[in-house]
Amino acid sequence: MKKFFLIANEEKIEGIELCSKVKTYLESKGCHVKAVTGYVKKEMIEEETECIIVFGGDGTLLNAARELQQADIPFLGINVGRLGFLAATEKDDVYEAMDKLIVDDYVIEPRMMLQGQVVRGNDIIAEGVALNDMVINRGGGLSILEFDMHVNGLHLNSYKADGLIVSTPTGSTAYSMSAGGPIVKPSANLIVVTPVCPHTLNTRSIVLDSTDEVEVIVVANRKYENELCNAYFDGEKMCGLETGDKLVVRRAQVSTKMIKLSSVGFLEILRRKMSSNENCETK
């Protein structure tokens, strides 16, 4: 690789400084580098760019992956956030990582994405893709939300909960994990549905095939005639939902290409992350 596009989170000074140093380092190796801070659009990516390097946490990489989905360029995340499952390269290893990229010592791991549509009546009022998850959460107050879930047109389950998460394997280590969902190897192809704080004793996550279509319908509960909640794609609010609205989720035709530099497997990375998090909590 010789042509790079660098993105730094504008709210992380450490990331901006590291991005600048890496730009200088790559240019000293004869590489062509463009660096930006903050929000990025596809039009900003120069032709023949071979790699997009993101300096920040997982949220920074998610925003870039969603916005640049059609660019079909692999991503490498440099973690200057906290846990960082997506931005798996730590800042202390950044120059070693750059050397590997320059000599093409890496593999590309495709990650499945989700395509979602919010439907009101016969109209699509919002749509987009997500690398991590699509979530319905309550919009105000402390009332319980009620959902009907259909898979491939068949009613599968009804939920009373604070929300509902539909996630990819990549997103299984994000909000879904916090809600008690299973941790899934990110290279897998499947869909995980996890309720948020379910108000029943027997509600569990459901793991579906990647070819399944999930339809979540907002149902009026006994207290409110018109339920109010919100739909989020990768943490970004897409729109408000009302009673009768549907979130339709299926596997997206596009995927995100993630660069893998280490021979260390996902389970070992997971063990390290979880161990590091435990150590932080006990200090």
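What follows is calculated from the coordinates using simple rules that are stated; it is not laboratory data. Only a predicted model underlies this, so the values are computations on that prediction, with no experimental measurement involved. All Cβ positions, glycine included, derive from the backbone under ideal geometry; neighbour counts span all protein chains shown.
Some values worked out for this structure:
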{"quantity": "Set of lysines with alpha-carbon distance to Lys185 below 21 Å, sequence-local pairs under 8 removed", "calculated": "Lys257, Lys260, Lys273"}
{"quantity": "Estimated D of the range 113-254 in µm² per second, where Rh is the Kirkwood radius over Cα pairs and Stokes-Einstein applies at 4 °C, 1.567 mPa s", "calculated": "88"}
{"quantity": "For the chain, Kirkwood radius (reciprocal of mean inverse C-alpha pair distance, Å)", "calculated": "19.9"}
{"quantity": "Quotient of Cα Rg and 2.2 N^0.38 Å for the range 70-154, N being how many residues it contains", "calculated": "1.64"}
{"quantity": "GNM top mover of Val103, Val207, Val36 - the chain, alpha-carbon springs below 10 Å", "calculated": "Val103"}
{"quantity": "Candidates Gly244, Gly77, Gly57: whichever shows maximal mean-square fluctuation once the chain is modelled as a Gaussian network with Cα springs under 10 Å", "calculated": "Gly244"}
{"quantity": "Computed FRET value (nearest 0.05) for Thr243 with Ile124, which takes r as the C-beta separation and R₀ as 25 Å", "calculated": "0.90"}
{"quantity": "Base-10 log of normalised Debye intensity for the range 40-188 (one unit scatterer per alpha-carbon) at q = 0.20 Å⁻¹", "calculated": "-1.39"}
{"quantity": "Förster-model FRET efficiency, 30 Å R0, Tyr39 and Leu228, C-beta, rounded to 0.05", "calculated": "0.55"}
